1. Among the residues in the range 176-193, are any among the polar types (S, T, N, Q), touching a strand residue (DSSP E or B) at 6+ places or on another chain (Cβ under 6 Å) and touching a residue at least 40 places away in the same chain (Cβ under 8 Å)?
2. Search the range 30-64 for residues being of a type in the set (Val, Ile, Thr) and closer than 17 Å to Glu101 by Cβ, and hand back the single one that is surrounded by the most Cβ atoms within 10 Å (Cβ to Cβ).
3. Looking only at the range 127-142, count how many residues are touching a helix residue (DSSP H, G or I) at 6+ places or on another chain (Cβ under 6 Å) and surrounded by 22 or more Cβ atoms within 10 Å (Cβ to Cβ).
Amino acid sequence: MRKNKVILITGTRKGIGRALAHHYAGSGYHVIGCSRSEFEGELENYRHCCLDVADERAVKMLFSDIAKLEGRLDVLVNNAGVASMNHSLLTPIGVVNKIIETNFIGTFLFCREAARLMQRRRYGRIVNFTTVAVPLKLEGEAIYAASKAAVISLTQVLARELASLGITVNAIGPTPIKTDLIRGVSQEKLDALIQRQAIRRYGEPRDVINVIDFFVQPASDFVTGQVMFLGGV
């Protein structure tokens, strides 16, 4: 069995997920990442798997491999997510299904399978991603915000269900970060959103890493069911 701590991060091909993979690979973890596409470049202490996070069969196979090859899972970070900025009246059902499947169903599947593996050692840290679009109730993001609101509820219920197993479950809600997720949002809307923050700047990967580092450290064993929104929304 591997002695290094093992962390699984979803959505590592680009953006925040890629930054997280580099951070934890350089911090002594063995990192397992996944996305729909291949991971570009080489990264020491990193292994990549291609899958759809909402594909239950593929997710179960991934966790079976982790159990066989690693013998443990210490941390899960559910970073993978998609968004579509549309008025509700202009949102097709296909877009709704894609957002719900990736953001909520994918998060649920990974939480469930991670907890099954973590309970063997009665230790685990799960961090889910929500968004400031939930408390800010942003127009044009109804389905995205709803999917992430569901993640908050899931996080808080799982925190209670898994506490006796030594597993904590928390969530982080970043402000806009310059990644592909906000590519389709107008500059005017982004500027207006940032003005609603107490700290009026774009978020950066380091802001997210700082909070996740806190949630996943062993000393945070009394912190669970919490949702940390960044920027002072």
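Throughout, read-outs are computed from the coordinates displayed, never taken from laboratory work. These figures come from a predicted structure and were not determined experimentally. Ideal geometry is used to build each Cβ from the backbone, glycine not excepted, and the neighbour counts take in all protein chains shown.
1. No - not one qualifying residue is present in the range 176-193.
2. Val53
3. Counting residues in the range 127-142 that are touching a helix residue (DSSP H, G or I) at 6+ places or on another chain (Cβ under 6 Å) and surrounded by 22 or more Cβ atoms within 10 Å (Cβ to Cβ) gives 7.
Results for (1) among the β-branched types (Val, Ile, Thr); (2) under 30 Å from Phe222 (Cα atoms), shown as yes or no for each residue.
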residue	(1), (2)
Thr131	yes, yes
Lys148	no, yes
Val151	yes, yes
Leu158	no, yes
Gly173	no, yes
Pro176	no, yes
Lys189	no, no
Ala198	no, yes
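Table: residues versus (1) basic (Lys, Arg); (2) within 19 Å of Ile209 (Cα to Cα); (3) touching a residue at least 12 places away in the same chain (Cβ under 8 Å); (4) not in a loop (DSSP other than H, G, I, E, B).
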| site | (1), (2), (3), (4) |
| --- | --- |
| Ile16 | no, yes, yes, yes |
| Ala19 | no, yes, yes, yes |
| Cys34 | no, yes, yes, yes |
| Gly41 | no, no, no, no |
| Arg72 | yes, no, yes, no |
